[in-house]
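Reading through the structure tokens given below for one structure.
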């Protein structure tokens, strides 16, 4: 498998997942502003939307969207137990959390707040209710489900953006504690450290 990624973008969740699964994978860095790979080639033939993540499977087909990629990778490595079994109530809850992270947090709050051209007031009005919802759940749960799953990899990736858009997670103690606990997991820490270094390198070239 090969992962097309941009440092500290939502593709970080897939890098974490691949490390947690013990998967052998290649990593291809994308400049999502220029829509080019590091060798200068055009990224649009890989994804017509110009967005990461994109996963090239061992069979050679391309998969996009976190809500598809993360369960796919988890299901390729069932021994890692990174997702509940398909067809179970736990799997439905898992999909519910992936949907919440993708729509309510990722696209609903953080993408607008990180975009200087977006209307920040509209997104900021949504922050409290959504993080209150997460606070209530994480006050009584160590993970989104009963163990670490790829949904936690995705949530941690999204929460990592809070510091870049003036959202202080300390206002939600259980969320803040969850974030700091998850980033100490060895595979999460490894993925995050690597992408921070790549992000700084990328910024220095701009």
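Counting residues in the stretch 88-98 that are surrounded by 15 or more Cβ atoms within 10 Å (Cβ to Cβ), in a loop (DSSP other than H, G, I, E, B) and touching a residue at least 24 places away in the same chain (Cβ under 8 Å) gives zero.
Looking at 99, 108, just one residue is out of contact with any strand residue (DSSP E or B) (no Cβ under 8 Å at 6 or more places or on another chain), within 16 Å of residue 152 (Cα to Cα) and not assigned by TED's automatic domain parsing to the domain that holds residue 12, and that residue is 99.
If you go through the stretch 164-206 and keep only what is over 23 Å from residue 19 (Cα atoms) and at pLDDT below 95, you end up with 164, 165, 166, 203, 204, 205, 206. Of the residues 70, 63, the single one that is assigned to a strand (DSSP E or B) and either under 23 Å from residue 30 (Cα atoms) or not assigned by TED's automatic domain parsing to the domain that holds residue 149 (or both) is 63.
Total residues in the stretch 30-57 satisfying the condition of being within 21 Å of residue 106 (Cβ to Cβ), surrounded by fewer than 15 Cβ atoms within 10 Å (Cβ to Cβ) and at pLDDT below 95: the figure is 1. Once the stretch 7-29 is narrowed to residues that are in a loop (DSSP other than H, G, I, E, B), touching a residue at least 60 places away in the same chain (Cβ under 8 Å) and crowded, with 20+ Cβ neighbours inside 10 Å, the residue that is nearest to the chain's Cα centre (by Cα) is 10.
The values are calculated or read from the model by the stated rules, or taken from the named source; none is laboratory data. All figures in this text were calculated on a predicted structure; none of them were measured in a lab. When we count neighbours, we look across all protein chains shown, and the Cβ atoms used for this are built from the backbone with ideal geometry, even at glycine.
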